[in-house]
């Protein structure tokens, strides 16, 4: 049993940009040489989240529309009054989607569905260089 | 320390069917003979999610009603235009609830509350045979 | 590799009270003497959830407002008709936010962002003494 921790950087466009990070997860899994265990994908930051989706442009836009209904851009946020960076909705969205997801792997393969990808959703109101932590615990 | 990975199959009715999978989780935990660690319940697929709830019919219907408000069946989804399987809302709901949950166990018992069950919510628009991965990492 | 399981008790005010539990997580991480691994924060109970947020009063109020839109207090809940404790909305909110979050740590430090705190959100309709499980798997 061992723990391997990887840091990967990606460029996002913000505003609920949805980015397929499955290739990064597969790359670090291969590099770890682990066969069986948990891969925890985690974004250190309070304006992004991680989930899975069928990564095709229709479903991605549908998710973005649902997020807009859940925490609309054009309503009042107390955070904005205090901090002035105008991304109160980003914080709320990220807290609801949550910063991490633990995905099992076996025989060196992530146990995802055929049409299921791990995605980062960047809720900030501007492009960001995002650090993603991939931590693997396994054997 | 060891990793054990189990696959369990269940039949669902789709349309936000909520199924108590705690007995399956307890069964694989007993079979693993592990005492302490993490049980990660994960559904490989992009139209289902896993969470916990007090599994009684009132709370289950309340959750289903909230999900219907969050991503209603009867609005437009871009996914449907491209793929024609009419389950765009299923994808959005699953991405928001997320595919997995990590539950701690100790002395061979899941550390759930008395009125807290692990549930699969199948968001697809038809009955499904669902595979659930239970992966245990512990000692 | 080892598993350490800690129980911490906190007092909440209920009604979507948001409590920063990062200091508790850091305390148990130090006590475990583990360097690298996963800390799983989990609340055993069906009316509370765990996520991360920038813990400042504006963002906290914004999150509470979004939760109120998601599962309003003043609509009908079937759970209430059956059980009479009037916290149907608490159950729905908790099921949507989910009971746990796995956070990676390395070199004895949680890999959180600078402005990112781990929080318990207590959705119950009254003050509670809440047990939180912190389980660490690592080396």
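Computed from the coordinates by the stated procedures, all read-outs in this text should not be read as laboratory data. Everything numeric in this text was worked out from a predicted model, so none of it was measured. Virtual Cβ from ideal backbone geometry, glycine too; neighbours counted across all protein chains shown.
Numbers below:
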| read-out | value |
| --- | --- |
| Across the identical copies, how the residue C:13 labels are spaced - nm, sorted shortest first, 7 Å along Cα→Cβ | 4.2, 4.2 |
| Descending semi-axes in whole angstrom, ellipsoid equivalent of chain C, from the Cα gyration tensor | 30, 16, 11 |
| For residue A:86, label point 7 Å along C-beta direction: distances to other copies, nm | 4.3, 4.3 |
| Span per principal axis, largest first, for the Cα atoms of the protein assembly as shown (Å) | 48, 47, 47 |
| On Cα atoms only, tilt of C:22-32 relative to the major axis of chain C in degrees | 40 |
| Rounded to 10°, Cα long-axis angle of helix C:57-70 versus longest principal axis of chain C | 50 |
| Shape category assigned to segment B:31-80 from the gyration tensor of Cα positions, a/c cut at 1.5 | oblate |
| Span from the segment A:71-134 Cα centroid across to the segment B:84-139 one, whole angstrom | 20 |
| Values of log10 I(q)/I(0), in the order q = 0.14, 0.17, 0.25 Å⁻¹, for segment B:68-139 under a Debye, Cα-only, solvent-free model | -0.62, -0.79, -1.22 |
| Chain A: relative contact order in percent, alpha carbon pairs under 8 Å with at least 6 residues between | 54 |
| Separation of the residue C:131 and residue A:35 label points, Cα + 7 Å toward Cβ, nm | 3.7 |
| Helix C:88-97 axis, angle to chain C major axis (alpha carbon atoms, nearest 10°) | 30 |
| By average C-beta atoms within 10 angstrom, highest first, the peptides C:18-31, C:91-104, B:111-124 | C:91-104, B:111-124, C:18-31 |
| Shape category assigned to segment C:1-72 from the gyration tensor of Cα positions, a/c cut at 1.5 | prolate |
| Normalised per residue, the volume of the convex hull around the Cα set of segment C:1-43 (Å³) | 82 |
| Which of A:57, B:46, B:32, C:35 has the fewest Cβ neighbours within 10 Å, and the rest in rising order | A:57, C:35, B:32, B:46 |
| Inter-site label distance for residue B:2 and residue C:69 at 7 Å from Cα along Cβ, in nm | 5.0 |
| Exercise: per-residue mean of other protein chain Cβ atoms within 10 Å, C:98-110 | 6 |
